[in-house]
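Okay, here's the structure, questions in a sec.
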Amino acid sequence: MPDSKLQVIPLGGVGEFGMNCTVLRYGDDILVVDAGMMFPEDEMHGVDIVAPDFQFLRDNLKDVRGLVLTHGHEDHIGGIPFLLSKLNVPIYGTPLTLSLVERRLEEHDLADSADLNEVAAGDGIELGPFRVRFIHVTHSIPGAVALAITTPLGVIIHTGDFKIDLTPLDGVPFDLHTFAEYGKEGVLLLLSDSTNADRPGVSESEVAVIPRFEELFQRATGRLVISCFSSSIHRVQTILNLASRAKRKVAFLGRSLNNVLEIAHGHGLLSIPDGILLRPQDIMSMDPTKVVVIASGTQGEPMSALARIAVDSHRQLKISPGDTVVMSARMIPGNEKAIYRMINHLSRRGAHTVYGSMSPPVHVSGHANSEEQRLLLSLVRPKYFVPIHGEHRQLSKHASLASHMHGDRLHSTFILETGDCLEIDEQGARKVEKVPVGRICIDSGTVDEVVEELVIRDRRNLSEDGFVIPIIAIDHLSGTTEGLPEIVSRGFISGEDGAGLMQEARQVVAKTLAASSAEEKGDLGVIQEKIRVDLRRFLAKRTSRRPLVVPVILEF
């Protein structure tokens with residue numbers, strides 16, 4: 001097909017963090033790279049998950065040859081259940097990545113029908129006119145790969161998420177040699193991770209956190225509670241190794257953390273020293289100086305393990321004076337207020353809290369800084385360059401970096417928006433007409449609960465299931481409440497049945513308040529989430545409907 005054109009179409013992951021999904025089209029053949037999700041923005045009331053709108057792929061179902069995955073983070077695989085619910089295509093990824101995908105698919109009863117195909121770094125596959133080679137890269141999760149995709153017009157390299165870690169904990173360094181080989185042979189297009197394009201210098205290796213953790217283990221006089229991302233398997237391995245040397249036992253708290261670590265251990269990616277594990281229910285009965293707790297909840301999510309620990313509502317752990325709590329993760333922009341509120345609660349309990357930037361660090365990024373991006377560009381020497389994975393400020397910085405690189409190979413750099421179509425042929429590269437794209441908003445996390453944009457706007461006033469607003473007056477000093485809560489509903493239920501149901505609903509909210517501590521009542525984020533969850537569960541059970549529940553707390 002000498003007259004066919006190569007098209008590159010991002011369905012997500014440009015101008016935003018999350019929803020990474022890129023479509024490559026040559027003639028009548030389509031290859032999809034990643035299918036991620038993102039968490040909702042504040043104004044998306046009642047929405048749990050946001051994924052790319054895959055209508056473009058459904059419209060071209062017969063042309064889709066496969067989905068190729070770079071790694072197992074949710075912003076790269078979280079949209080797969082919603083893609084497979086509409087079209088079943090073969091999926092290719094490394095063993096850990098596919099195991100994480102399979103766990104997600106099991107939640108939606110899609111695992112049995114999925115066509116999952118394991119690959120390893122160095123392997124190659126053919127999908128229509130695309131020959132895909134998997135290249136090992138270092139990142140904050142094992143099993144990450146870049147893709148060298150050979151097309152009739154030339155080679156496209158898609159980096160996935162990466163950093164150039166020359167001293168990784170697993171001993172397998174970034175495969176600079178293979179990138180350099182492709183650079184010598186000639187690369188048509190480079191699509192490269194831009195997450196840290198606005199950070200100068202070189203990102204620190206994962207081993208950089210070890211000195212800080214060694215110091216924390218030596219200085220901790222009570223329990224050591226460490227929170228990290230569930231996928232930070234190398235970080236968990238470091239903690240396990242140090243705990244073993246310090247003769248401390250380790251307990252894991254958090255469902256997502258336990259799920260990921262179970263999968264990683266099954267693949268031999270996590271080594272657990274004999275006799276080191278501690279059951280969560282035994283934490284409080286152990287000598288505090290012999291305990292390490294690894295907990296999920298780095299971003300202050302209201303119902304996460306660490307958030308509940310911070311307000312003494314966790315069943316297995318209560319913070320005592322002298323305990324040390326370590327936040328071994330970055331603060332995702334927008335979450336700072338919730339995280340600092342959680343840290344304040346921990347401090348009130350006498351915990352020594354460790355967080356933020358320091359040297360040696362307690363956390364290092366999994367993404368390349370600008371000097372690593374410059375090195376990759378100089379190795380690959382692409383003819384065309386498209387920065388991906390980041391907001392516009394990162395894309396712009398990365399594009400500027402590429403434009404200032406010396407050499408005569410780089411013809412053009414393009415900053416794409418979601419739905420833009422970059423078309424390449426023998427005459428060159430150019431943006432052409434956009435394809436229809438958008439977002440699908442998922443309610444309750446099921447593939448069938450898609451919420452249209454119009455409904456999201458309507459939910460601000462009156463949603464398809466109505467809304468219920470419990471109004472609670474709480475003394476912000478003592479945490480006491482004034483009488484039964486009032487409940488206002490619109491578009492949900494009316495008449496005598498509605499009056500009776502609302503009276504029962506008032507009792508449900510009252511019971512939630514009675515079971516909450518004064519500090520929980522004083523924390524608007526925590527108490528609102530508890531009321532929302534309990535009341536929504538009650539209303540769904542009684543009516544099989546899911547109204548938007550928006551608790552309103554009046555402090556006096």
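Over region 138-221, what is the percentage of antiparallel beta bridges among all DSSP beta bridges, to the nearest 5? If you can, show how the numbers build up before the last one.
Values: 6 of 9 bridges.
Counting DSSP beta bridges with both partners in region 138-221, the antiparallel share is about 65 percent.
Could I ask something else about it? Would you mind classifying the chain by shape? Square roots of the alpha carbon gyration tensor eigenvalues, ordered a ≥ b ≥ c; an a/c under 1.5 is rounded, otherwise it is prolate if a/b is larger than b/c and oblate if not. Numbers along the way, then the final one.
Numbers: a/c = 2.11, a/b = 1.33, b/c = 1.59.
It comes out oblate by the Cα gyration axes.
Taking the alpha carbon gyration tensor of region 67-158, what are the square roots of 5 times its eigenvalues, largest first, to the nearest whole Å? Don't skip to the end; give the middle numbers.
Details: eigenvalues 101, 51, 21 Å².
Output for region 67-158: semi-axes of 22, 16, 10 Å.
Among the trypsin sites (Lys or Arg not before Pro) in region 297-335, which ones are in a DSSP loop with at most 14 other Cβ atoms within 10 Å of the Cβ? Mind listing them?
Working: sites: 308, 315, 318, 330; in loops: 315, 318, 330.
Of the trypsin sites (Lys or Arg not before Pro), the ones in loops of region 297-335 whose Cβ has at most 14 other Cβ atoms within 10 Å are 315, 318.
Further question: Give me a comma-separated list of calculated 3J(HN,Hα) values for region 387-399, in order, Karplus coefficients 6.51, -1.76, 1.60 applied at θ = phi - 60°, integers in Hz, x for any Gly or Pro.
In residue order, the calculated couplings are x, 9, 6, x, 6, 4, 5, 6, 4, 5, 4, 5, 4 Hz.
Name the shape class, rounded, prolate or oblate, that the alpha-carbon gyration tensor gives for region 211-316, where a ≥ b ≥ c are the square roots of its eigenvalues, rounded holds for a/c under 1.5, and otherwise prolate holds if a/b is larger than b/c and oblate otherwise. Don't skip to the answer; put the middle values down first.
Numbers: a/c = 1.43, a/b = 1.05, b/c = 1.35.
Taking the square roots of the gyration eigenvalues as a ≥ b ≥ c, region 211-316 is rounded.
If you average 1/r over every pair of different alpha-carbon atoms in region 268-319 and take one over that average, what Kirkwood value in Å do you get?
Details: mean 1/r = 0.0804 Å⁻¹.
After inverting the pairwise mean of 1/r, the radius is 12.4 Å.
Run through all the Cα pairs of region 229-376 and give the fraction in each 5 Å bin from 0, expressed as whole percent.
Calculated P(r), rounded to whole percents: 2, 9, 17, 21, 21, 15, 8, 4, 2, 1, 0.
Let me see the pair-distance distribution of region 383-425: every alpha carbon pair, 10 Å bin width, integer percents in order.
Per 10 Å bin, starting at zero, the Cα-Cα P(r) for region 383-425 comes out as 26, 53, 20, 0 percent.
Something else about it: Show me, for region 409-421, the HN-Hα J-couplings you get by feeding each phi into the Karplus relation (A = 6.51, B = -1.76, C = 1.60, θ = phi - 60°), rounded to Hz, glycine and proline as x.
Coupling constants for region 409-421: 7, 6, 8, 8, 10, 10, 9, 9, 9, 4, x, 4, 10 Hz.
Students often forget the sequence filter, so: which aspartates and glutamates lie under 19 Å Cα-Cα from residue 249 once same-chain residues fewer than 8 apart are removed?
214, 215, 262, 274, 282, 287, 323
Whose amide H sits under 5 Å from the amide H of residue 66, counting only residues 5 or more places off or on another chain, with H placed in the peptide plane?
32
Give me, ordered by chain and number, the residues 5 or more places off residue 486 or on other chains with an amide H under 5 Å from its own placed amide H.
Close amide H contacts, sequence-distant or interchain: 471.
Provide the per residue accessible area, probe 1.4 Å, for the chain, rounded to a whole number of square angstrom. Each step should come with its number before you reach the end.
Values: 23490 Å² over 556 residues.
Ligands and nucleic acids excluded, the figure is 42 Å² per residue.
Related question: What does DSSP give for the chain in terms of the percent of beta bridges that are antiparallel, rounded to the nearest 5?
On the way: 49 of 94 bridges.
Taking every DSSP beta bridge with both residues in the chain, the antiparallel ones total about 50 percent.
Would you please put 254-263, 7-16 in order of how densely packed they are, using the mean number of other Cβ atoms within 10 angstrom per residue and starting with the highest?
Values: 254-263: 18.1, 7-16: 24.1.
Most protected by this proxy first, the peptides run 7-16, 254-263.
Name the residues whose placed amide hydrogens come within less than 5 Å of the amide hydrogen of residue 326, ignoring near sequence neighbours (fewer than 5 apart) on the same chain.
225, 226, 227, 354
Would you please put 370-380, 134-144 in order of how densely packed they are, using the mean number of other Cβ atoms within 10 angstrom per residue and starting with the highest?
Details: 370-380: 20.1, 134-144: 25.0.
Descending packing order for the listed peptides: 134-144, 370-380.
Take every Cα pair under 8 Å in the chain that's 6+ residues apart, average their separations, divide by the length, and report that relative contact order as a whole percent. Walk me through the numbers on the way to the answer.
Values: 1218 pairs, mean separation 86.4, N = 556.
Worked out over the chain, it gives 16 percent.
Using only the Cα atoms of region 4-90, build the gyration tensor, take square roots of its eigenvalues as a ≥ b ≥ c, and label the shape rounded, prolate or oblate: rounded if a/c is under 1.5, else prolate if a/b is larger than b/c, else oblate.
Judged from the Cα gyration tensor, region 4-90 comes out prolate (a/c at least 1.5, a/b above b/c).
Using only helices, what value at 222 nm comes out for the chain when you add -39,500 (n - 2.57) per DSSP H run of length 4 or more and divide by the total residues, to the nearest 500 deg cm²/dmol?
On the way: 16 runs with 166 residues, N = 556.
Helix-only estimate at 222 nm: -9000 deg cm²/dmol.
Find the centroid of the Cα atoms in region 188-236 and in region 138-166, then give the distance between the two in whole Å.
Cα centroid to Cα centroid, the span is 21 Å.
Give 184/383; 397/434; 86/163; 290/530 a once-over and call out the pairs whose C-alpha atoms are over 22 Å from each other. All intermediate terms of the calculation are to be shown ahead of the outcome.
On the way: 184/383 12 Å; 397/434 24 Å; 86/163 34 Å; 290/530 33 Å.
Distance filter (> 22 Å) returns 397/434; 86/163; 290/530.
Using a 1.4 Å probe on the protein chains only, how many percent of the accessible area of the chain belongs to carbon and sulfur?
Numbers: 11440 of 23490 Å².
Taking all protein chains in place, the chain shows 49 percent carbon and sulfur surface.
May I ask you to evaluate 6.51 cos²θ - 1.76 cosθ + 1.60, the Karplus curve with θ = phi - 60°, for each residue of region 543-554 and list the ³J(HN,Hα) values in order in whole Hz, giving x for glycine and proline?
So the Karplus estimates, Gly and Pro as x, are 10, 6, 10, 10, x, 6, 9, 10, x, 10, 9, 9 Hz.
Let me ask something else. Please compute the Kirkwood hydrodynamic radius over region 152-255, one decimal place, Å, based on all pairs of different Cα atoms.
When all Cα pairs of region 152-255 are included, the Kirkwood radius is 17.0 Å.
The values are calculated or read from the model by the stated rules, or taken from the named source; none is laboratory data. No experiment lies behind these values; they were computed from the predicted model shown. Please note: Cβ atoms are built from the backbone with ideal geometry, for glycine as well, and neighbour counts cover all protein chains shown. The area values use the complete protein model at the heavy-atom level, side chains included, leaving out ligands, DNA and RNA. Shrake-Rupley method; radii C 1.70, N 1.55, O 1.52, S 1.80 Å.
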